[in-house]
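The values are calculated or read from the model by the stated rules, or taken from the named source; none is laboratory data. Quantities reported herein were computed from a predicted structural model and do not represent experimental measurements. Note: ideal-geometry Cβ built from the backbone for every residue, glycine included; neighbour counts use all protein chains shown. With ligands, DNA and RNA removed, areas are computed over all heavy atoms of the protein, side chains included. Shrake-Rupley method; radii C 1.70, N 1.55, O 1.52, S 1.80 Å.
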Amino acid sequence: MPPFSVVLTTFRFDWVAAVTLVVLAAAYVVGIIAARRRGTVWPALPTLGFFVLGLGSYAAVSFGFLGAFTYELRWAEITRWALLLFLVPWLLALGRPVALARAALNDRGRAGLDSFLQSRFVRTVGNAVFEPIFTMVIFLLFVTPLAAWLRLSPIPQTFATVFIPLFGLLTIVPIAESTRKHLSLSLMFEFMIAMAALIFDAIPGILLRLHNVVIDGVTNVQAGMPSWFPNPLHDQHLAGDFIWFIAEVADIPIIIILFLRWARTDDREAKAIDELSDEEMERLTQAHLNDWHR
């Protein structure tokens, strides 16, 4: 493992990440200005969360040690991908981008935004059932011969820099900002799937950790590497350790949010049923029975 001082002081400029950073910052500022023109003063707390924690974490991952050694170290690459998929989107979501967009857009724009959020695509990727499956598929690629291409080619690295955090936002924002209505039964199902994700998300990390052959086939170490540089097999084991740990920790906020939302929704539905009269309850029961027989 590198000395802590090396982790703190290493820097590599990435122009793709820089452009992405500027575009995200500019879009948020434009949203704040548009919201103010419509009479909404956007609060400082989500703004600080978006810029300091969200964009700050993106910059640290892209320009710091992980970005600098992503081509040389397996564990740096897979940790960068994991943080861009899990941590950075959660921190960007602190800026409440959907709420800001609603405050900034006119009626037609809000209708278009709501239509997009209620589309089958967003409802699919923003469902807790989708997240563990997608995560497992993405990181299982690192347990195949494609692992060398993913690490050494600029094409997948550029894809990770731009699209992985954006796709992470699509999976996290619907959960974080509750962009769709849920029934307690569907929330219970999503909560159970999120619990199962603790097992699914661990599979790529376990496979990398337990494999005693270098999966990507690149067994030579580049000349001129520092003394702390690990051998390829140890590098692969470290990659497994990091992705295993990060994927497990990333599931915890989803589990907590779904559990709290499930409890609130179930309580609200129970109160609504308690307030029904006997006649209304009878009609509701008959309607459910008729639907079931159909």
Worksheet item: How many residues are open to solvent by 30 Å² or more (accessible area, probe 1.4 Å) and at pLDDT below 80 if we restrict to region 159-181?
Response: 5
Worksheet entry | Which listed residue is open to solvent by less than 70 Å² (accessible area, probe 1.4 Å) and either at positive phi or part of a loop (DSSP other than H, G, I, E, B) (or both), from G49, G39, G31 | G39
Item to complete: Could you list, in sequence order, all residues of region 9-28 that are surrounded by 11 or more Cβ atoms within 10 Å (Cβ to Cβ) and more than 22 Å from the chain's Cα centre (by Cα)?
Response: T10, R12
Worksheet entry | Close pairs from region 222-236: first farther than 11 Å from M1 by Cα, partner of a type outside the set (A, V, I, L, M, F, W, C) and surrounded by fewer than 11 Cβ atoms within 10 Å (Cβ to Cβ), Cβ under 6 Å, at least 6 apart | P232/T219
Fill in: Pairs, first touching a residue at least 40 places away in the same chain (Cβ under 8 Å) in region 107-123, second open to solvent by 40 Å² or more (accessible area, probe 1.4 Å) and among the aliphatic types (A, V, I, L, M), C-beta under 9 Å, six or more apart
V122/L170
Fill in: Subset of region 58-81 [touching a residue at least 12 places away in the same chain (Cβ under 8 Å), among the hydrophobic types (A, V, I, L, M, F, W, C) and in a helix (DSSP H, G or I)]
A59, V61, F63, F65, L66, A68, W75, I78, W81
Worksheet item: For region 183-201, does any single residue satisfy the condition of being in contact with a helix residue (DSSP H, G or I) (Cβ under 6 Å, 6 or more places away or on another chain), open to solvent by less than 10 Å² (accessible area, probe 1.4 Å) and modelled with pLDDT of 85 or more?
Response: no
Worksheet item: When you go through S62, S57 one by one, which is the residue that is modelled with pLDDT of 95 or more, among the polar types (S, T, N, Q) and open to solvent by less than 10 Å² (accessible area, probe 1.4 Å)?
Response: S62
Discussion item. Can you find a residue that is surrounded by 14 or more Cβ atoms within 10 Å (Cβ to Cβ) and of a type in the set (D, E) anywhere in region 104-111?
Written reply: no
Worksheet item: Based on what the data block shows, is S277 hydroxyl-bearing (S, T, Y) and at pLDDT below 65?
Response: yes
Worksheet entry | Selection from region 82-109 of residues that are under 17 Å from the mean Cα position of the chain (by Cα) and either under 30 Å from D216 (Cα atoms) or not in a helix (DSSP H, G or I) (or both) | A82, L83, L84, L85, F86, L87, V88, P89, L94, G95, R96
Discussion item. Quick check on A27: is it free of Cβ contacts under 8 Å to residues at least 12 places away in the same chain and more than 30 Å from M225 (Cβ to Cβ)?
Written reply: yes
